Amino acid sequence: VFVKTKGILSMAITSMQKPNGCLSSGRFTARRSQPRRRGVPMCAFPNLLGGKSQNGTGAVENIKKEISDELKYREATGGSDKSEATYAATAWSVHNRLVDSFNRTHEHWQKKDPKFVYYLSAEFLMGRTMTNAIYNLGLEGEYADAVRALGTDLETVTSAEVDAALGNGGLGRLASCFLDSMASLDLPGWGYGIRYRYGMFKQGIAADGKQMEVPDKWIPETGNPWEIRRSAIRFPVGFYGSVSNGTWTPAENVEAVACDVPIPGYRTTTTSNLRLWDCEPMEEFDLEAFNAGEYDKAVLNKRKADEIVAVLYPNDATEEGKELRLKQQYFFVAASLQDTLARFLEKHSDLEKLPEKACFQMNDTHPTIAVPELMRLLIDVHGLEFNKAWEITKKSLAYTNHTVMPEALEKWPVAVLEKLLPRHMQLIEQINATWLASIHGHVEKKVASAAPADPADVPTEDSEEEEVDPVAEALKKYSIVQENPWNKGEMLVNMAYLAVVGSFAVNGVAAIHSEIIKEDIFPQFVEIFPEKFQNKTNGVTLRRWLAYCNPELSSLITEALGTDEWIRDATLLAKLKPMAEDAAFRKKWMAVKLKRKEKLAAHIKASTGYDVPVKSMFDVQVKRIHEYKRQLMNAVSLIHRYQKIKAASPEERAKMIPRVAIMGGKAASAYYMAKKIVALINAVSKTVNNDPEVGDLLKVIFLPNYNVTEAEIIIPAAELSQHISTAGTEASGTSNMKFALNGSTIIGTMDGANIEIAENTGIENLFTFGVDAADISRLREERKDFKDYDPRWNAAFEAIRKGEFGDAEYFEDLADSVNVMNDRHNDWFLVANDFATYMDAQDEADALYADQEEWTKRSIIYTASNGFFSSDRTISQYANEIWGVKPAKPN
């Protein structure tokens with residue numbers, strides 16, 4: 001650990017003896033007295049973990065007393081406040097049990113010294129913690145009885161919790177599912193990320209239907225009961241400055257301070273850890289500057305430190321925003337690697353053994369600065385020579401690619417890296433040179449074998465063209481540093497290429513995605529080391545995404561199977577499949593779905609003011625707003641549905657399937673077109689929902705501020721879920737897995753994990769449409785000549801252009817983007833091409849929904865067929881096939 005003494009960092013060596021409630025910070029042990037929070041000791045309560053040691057009336061009375069004491073001493077309510085104060089008191093009670101389990105787990109791992117996996121991720125979309133923690137600890141009954149005795153109920157108490165805004169979409173939610181599975185499988189592993197003080201933003205909808213962005217402040221002013229701030233565990237992180245003879249002198253320095261979030265496994269004694277880094281300045285306040293009247297300068301260091309952890313994904317439309325994003329990425333990676341190396345060196349002296357004890361999994365390209373940072377630490381701090389450090393690095397790092405979208409395959413300008421991280425840019429150039437030298441012979445042979453056979457094709461000495469070295473040209477495809485094709489002269493660092501070269505394993509996250517990255521994204525690297533590339537199809541934790549968010553269905557499944565072991569062993573869900581033929585079971589299944597629809601309808605009323613009929617089909621598309629996810633196609637289909645209802649006779653309307661179309665998701669603050677799509681959906685909603693002629697045949701709902709808690713209400717109620725991205729653009733998707741496990745049918749393209757869901761469920765049970773991924777490139781080339789627009793498409797856009805759905809001028813360029821092919825617009829995601837088959841699939845869904853018995857059979861088959869998508873299965877594969885990490889369960 002580092003302690004500031006007169007502004008100079010010095011190493012503070014402490015005893016290896018750890019006090020209860022503290023955890024080794026690194027090379028030396030962080031030691032501090034047991035902290036007290038307003039008079040209540042952090043570990044004051046005895047071991048009450050689990051239902052075996054204490055259960056029944058005694059356990060309930062103990063919990064009730066703890067909550068009452070917390071209310072009395074911490075919240076100072078005397079037990080009279082039954083809302084936020086009761087939540088806080090209950091949360092601190094759960095916190096104590098988590099700390100107890102956390103300590104025992106890490107004491108056990110300290111003794112056993114197993115290999116660890118360290119999961120590096122820019123985001124962890126945790127959602128609420130209380131329900132998950134209580135259920136995973138196996139104390140749901142005790143806590144329910146205790147709070148009931150205090151005059152409330154557990155659902156009311158848990159509803160007071162605010163979602164932890166540490167992530168935005170599927171990437172962060174997947175990371176959270178993975179941590180749950182690691183702990184549940186007793187795997188030694190930690191997550192590492194940033195303790196953002198604000199989420200990306202809290203989404204609101206203005207009166208004109210446009211997205212509003214307000215700060216998403218999620219950390220309670222009274223303290224976060226789900227974290228343990230370890231102020232003694234801190235590491236320096238530098239930026240800017242200069243390099244002389246391989247020595248980097250940063251011009252700006254901050255300190256990363258550890259905050260631990262215990263992650264309890266399901267029905268096990270293991271509680272793992274998510275270590276988040278807060279940022280503090282080296283010197284918080286410059287009194288001399290303040291006294292000189294330079295008030296801004298006096299707090300400048302604090303402001304710069306606060307900026308790093310202020311907001312998840314700052315807007316990178318400006319150069320300052322880009323620089324801040326890179327700062328964030330380096331900040332948490334640098335702190336995490338220093339921490340893990342220090343922990344390794346507590347027990348080991350030979351850094352060449354690091355790959356035997358640590359695997360760093362880089363979750364997409366955000367943490368890939370870990371490649372040069374690990375090199376820097378090994379060379380500059382620990383004195384290893386380059387080649388030895390490079391071998392250690394390549395054996396310690398693994399990389400997961402999550403997308404083929406350009407914005408996620410980061411490419412940082414060399415000028416930015418040289419400015420912010422000059423030593424790292426030096427190392428990247430050295431890594432690149434070493435890499436290209438290592439494959440020069442391979443490329444030379446490849447060029448020679450592809451040389452033209454006809455001498456006429458070979459340039460002559462008299463040729464006016466500048467002679468080009470064909471091998472040097474070919475090597476450019478493999479180079480980590482490349483010229484920007486859109487800005488001649490600007491050099492870029494391809495972070496995905498850096499990750500591939502610097503890792504021992506590279507994986508995609510769905511079968512089709514893993515093939516795409518081999519064939520389209522990294523084919524030149526597959527030539528060199530095909531054995532590096534793997535597939536690890538994503539999964540979701542059945543605890544949060546079925547057992548806890550859908551308790552009625554969970555109870556029905558447990559009753560039908562005669563056990564709740566399916567929560568741990570998802571393969572048991574397959575035993576539900578024959579029950580789809582049982583009329584009595586189908587009736588129970590329908591009753592459960594209706595109850596969840598009623599809950600969602602009440603939520604819609606509270607959130608939007610709209611009443612929705614629960615006997616209608618609940619059709620859902622909730623996910624990040626992006627052109628490739630094609631919410632625009634859904635909106636256009638709803639305009640057609642509205643027009644069809646308006647034109648229909650009473651007899652025709654009587655035969656129509658009523659539908660509630662529910663959409664939600666955030667558009668990135670700088671994403672112009674995505675924000676227009678949000679506005680269009682809300683314009684359609686306003687028109688449709690206020691037209692008395694339409695009545696209950698169609699309701700269009702946009703639920704603002706989609707997050708984990710919203711998803712836990714929406715997904716169990718869904719009957720049809722839309723996963724309609726252009727084929728070949730969605731790496732995997734995980735919301736499709738959640739919907740399928742909760743018995744929602746899917747309308748979708750053959751993209752991402754939809755393909756594997758179709759294989760498991762039977763493709764005949766999905767409503768599929770759209771062009772194949774293999775045809776995408778050709779169709780994009782031909783898109784400018786496409787004339788076969790569907791009449792329903794044309795009619796919908798004509799209505800938009802006439803202003804029937806809000807401001808026609810505002811939506812003009814959105815309409816042009818998929819209709820007018822020119823230098824600005826190209827319908828890159830082929831919305832028009834797929835529209836007709838999409839509408840055919842919608843008609844198929846309507847036809848099946850008319851037969852509720854058949855629809856329910858299909859719903860049961862979805863749940864029964866998709867146990868494969870448990871994140872426990874995914875993590876087992878990572879552990880066995882990439883990480884080499886074995887279970888180490890505490891006694």
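Descriptive notes on the structure:
- Taking segment 95-168 as the region of interest, the helices (runs of 4 or more DSSP H) fully inside it that hold 2 or more residues being in contact with a Pro (Cβ under 8 Å, 6 or more places away or on another chain) are 130-136.
- Residues satisfying the stated conditions in segment 768-779, i.e. more than 13 Å from G748 (Cα to Cα), open to solvent by 60 Å² or more (accessible area, probe 1.4 Å) and among the charged types (D, E, K, R): R778
- Residues considered: R586, R641, R596. Of these, the only one that is in a helix (DSSP H, G or I) and either under 30 Å from G728 (Cα atoms) or in contact with a His (Cβ under 6 Å, 6 or more places away or on another chain) (or both) is R641.
- Positions within segment 244-263 being more than 19 Å from Q338 (Cβ to Cβ) and surrounded by 16 or more Cβ atoms within 10 Å (Cβ to Cβ), in sequence order: V261, P262, I263
- Of all the listed residues (W277, W226), the sole one being assigned to a strand (DSSP E or B) and over 22 Å from P422 (Cβ atoms) is W277.
- Of the residues making up segment 604-644, those that are over 21 Å from A845 (Cα atoms) and open to solvent by 40 Å² or more (accessible area, probe 1.4 Å) are K605, A606, S607, T608, G609, Y610, D611, R624, E627.
- Considering segment 475-559, there are no qualifying helices (runs of 4 or more DSSP H) wholly inside with 2 or more residues that are surrounded by fewer than 19 Cβ atoms within 10 Å (Cβ to Cβ), without any contact (Cβ under 8 Å) to a residue 40 or more places away in the chain and touching a helix residue (DSSP H, G or I) at 6+ places or on another chain (Cβ under 7 Å).
- Flag for L421 being farther than 27 Å from Q534 by Cβ and at pLDDT 90 or above: yes
- Condition check for F331: outside any strand (DSSP E or B), farther than 30 Å from K112 by Cα and at pLDDT 95 or above: yes
- Qualifying residue in segment 215-225 (condition: surrounded by 15 or more Cβ atoms within 10 Å (Cβ to Cβ) and touching a His at 6+ places or on another chain (Cβ under 7 Å)): yes
- Pick from segment 71-104, criterion in contact with a strand residue (DSSP E or B) (Cβ under 7 Å, 6 or more places away or on another chain) and modelled with pLDDT under 95, ranking: surrounded by the most Cβ atoms within 10 Å (Cβ to Cβ): R74
- Residues located in segment 683-704, provided they are in contact (Cβ under 8 Å) with a residue 60 or more places away in the chain, surrounded by 20 or more Cβ atoms within 10 Å (Cβ to Cβ) and either in contact with a strand residue (DSSP E or B) (Cβ under 7 Å, 6 or more places away or on another chain) or part of a loop (DSSP other than H, G, I, E, B) (or both): V684, S685, L698, K699, V700, I701, F702, L703
The values are calculated or read from the model by the stated rules, or taken from the named source; none is laboratory data. Being a predicted model, the structure only gives us computed values, none of them experimental. Neighbour counts are summed over all protein chains in view; Cβ atoms, including those assigned to glycine, are modelled from backbone coordinates with ideal geometry. These area figures cover heavy atoms from the full protein model, side chains too; ligands, DNA and RNA do not enter into them. Shrake-Rupley method; radii C 1.70, N 1.55, O 1.52, S 1.80 Å.
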